[in-house]
1. What spacing in nm lies between the two simple spin-label points modelled at residue 215 and residue 145, each 7 Å away from Cα in the Cβ direction?
2. Stretch residue 41-residue 154 to full length: gain in nm at 0.36 nm per residue minus the Cα-Cα span?
3. Evaluate E = 1/(1 + (r/R0)^6) for residue 104 and residue 71, where r is the Cβ-Cβ distance and R0 equals 25 Å; express this FRET efficiency to the nearest 0.05.
4. Is it possible to state the helix-based mean residue ellipticity at 222 nm for the chain, with each DSSP H run of 4+ residues giving -39500 (n - 2.57), the sum divided by total residues, to the nearest 500 deg cm²/dmol? What is it?
5. Can you tell me how much longer the chain between residue 119 and residue 322 gets when fully stretched, taken as 0.36 nm per residue apart minus their C-alpha distance, in nm with one decimal?
6. Could the peptides 77-86, 340-349, 111-120 be put in order, highest first, of the mean number of other beta-carbon atoms found within 10 Å of their residues?
7. Apply 1/(1 + (r/R0)^6) to the Cβ-Cβ distance of residue 177 and residue 243, taking R0 = 25 Å, and write down the FRET efficiency to the nearest 0.05.
8. Suppose the chain between residue 193 and residue 82 were pulled fully straight at 0.36 nm per residue; how much longer would it get relative to their current alpha carbon spacing?
């Protein structure tokens, strides 16, 4: 932090969310930090595998706390909770489910987890920062220009968006008492350098659709091809979010971490078609893209996920990012264009279909 250095940090959402996994990897570069990862018992084995892959110098500084962010006192013992609040300086709350295909129960879990994290924050006398990782989809079905400080109640397309709205309301309510920062990444895709990704949903649905199609298949144009897709690689989102959150100017503010030059749905389809070796999309086609996706045999068991993604593609929104640009200015942290990592996305989707 500007003028100070955090020592003990807590990360929630590890290892279930790729955001949290990348965050831990980035945090462990700072040898001043002691990193506690709140991990459910069912994910303990995977968490240990990921920690073992970290640089040897980080192994002694990254530890697991078995618990659950949705449980009273995070599911920790009284002694563990007491020690944590005495030492804790930064909380990175990444446990919120942001997948638009999430269930009503998962949405309720988002709210419950945030209640518990806020209680932890209020009990921690050394706390310097509570960083809440939300999502740009909190804007729901709103179209047009969305400012970073706006939190509209115009309508939500699914329970996850509504839960994120409640989460942000709770965090904003304590902003005068606690050092909070809200980070809203756009639609997350895999690492722009390695191609690593935790699931093949979202934009990967379009790639999987093309990979499963005949070689001469020409993908139909979407009904709203001019809608912009603000997708960002997870590695960029983490670097940008960390840089923002460690700046004292971020306190009490909300930040859209988005692609400043988002591609349209039509442009994304062109890039994916080229990368998969398929003909470019038709300019006019009576077959709706949504119909084609939902008819694809390999994707039929993901109908709910596909419909949630298609709802996203139909919503034309531009996310203001002036706060983010202000704090990233001079940092050399920039969002790579989709063109620069589309081949990595296709390669990962192709390998995923053979696993």
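1. 4.9
2. Difference between extended and current length: 36.9 nm.
3. Calculated transfer efficiency: 0.85.
4. On the way: 12 runs with 137 residues, N = 355.
About -12000 deg cm²/dmol.
5. 70.0 nm
6. 111-120, 340-349, 77-86
7. Calculated value: 0.50.
8. In short, 36.0 nm is gained.
Quick note: the coordinates plus some simple rules give every number you see, no bench work behind them. Treat the numbers as computed from the prediction; the structure is a model and nothing was measured. So basically every Cβ, Gly included, is an ideal-geometry build from the backbone, and we count neighbours across all protein chains shown.
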